[in-house]
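Since the structure comes first, as structure tokens, the remarks are kept for the end.
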Amino acid sequence: MPYDTDNVFAKILRGEIPCETIYEDEFAIAFDDINPQSPVHVLVLPKGEYVSMDDFTANASDAEIAGFFRAVGAVARQLDVVGSGYRILANHGRDAHQEVPHFHMHIFAGRDVGPMIRPPRP
Ligand code: AMP
């Protein structure tokens, strides 16, 4: 799947759509999810144009991958959720209900976030 430069996160990265940026470095940007599923719900994106976890891990450089994952950890520390705990999650493709085709990782925290996977609704 080719990268869609019109996806909403590409527009955020170009500054065409506003977001609540809480962290930014050479490799990544993090901002609040517009539809939070927990008291803390932050998205961390690599700055490079990667569709998904699959694209990122197959095609990003070692520096981009290391920089991105270090940024995820740094964001969690900045959010002060290391002690209480947090969940990271990345959706890839149809079965995971990926909505935005720019690789991103969710950080959920601020409450007990429950079991790892809920059964599908009937
Ligand atoms: P995913 O299903 O992993 O692709 O998740 C996409 C996430 O992006 C959802 O949790 C949305 O609420 C979030 N989202 C969509 N548009 C925006 C936006 N403009 N600013 C912040 N978060 C957004």
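Readers should treat all values here as calculations from the given coordinates under stated rules, not as data from a laboratory. Please read all numbers here as calculations on a predicted model, not as lab measurements. Here the Cβ is made from the backbone with ideal geometry for all residues, glycine too, and neighbour counts use every protein chain on show.
Under 5 Å from the amide H of Tyr23 lie the amide H atoms of Ala30, each residue being 5 or more positions distant or on a separate chain, with H modelled from the backbone and absent for Pro and chain starts. Can you list, bin by bin at 5 Å, the percent of alpha carbon pairs in the chain, starting at 0? The percentages, shortest bin first, are 2, 11, 21, 24, 21, 14, 6, 1, 0.
Helix-only estimate, please: 222 nm mean residue ellipticity of the chain, summing -39500 (n - 2.57) across DSSP H runs of length 4 or more and dividing by its residues, to the nearest 500.
-7500 deg cm²/dmol
Among the trypsin sites (Lys or Arg not before Pro) in the stretch 1-99, those placed in a DSSP loop whose Cβ has at most 11 other Cβ atoms within 10 Å are Arg14, Arg94. Between the stretch 49-105 and the stretch 19-43, the alpha-carbon centres lie 11 Å apart.
Counting Lys and Arg as +1 and Asp and Glu as -1 over every other residue whose Cβ lies under 9 Å from the Cβ of His41, the net charge comes to -2.
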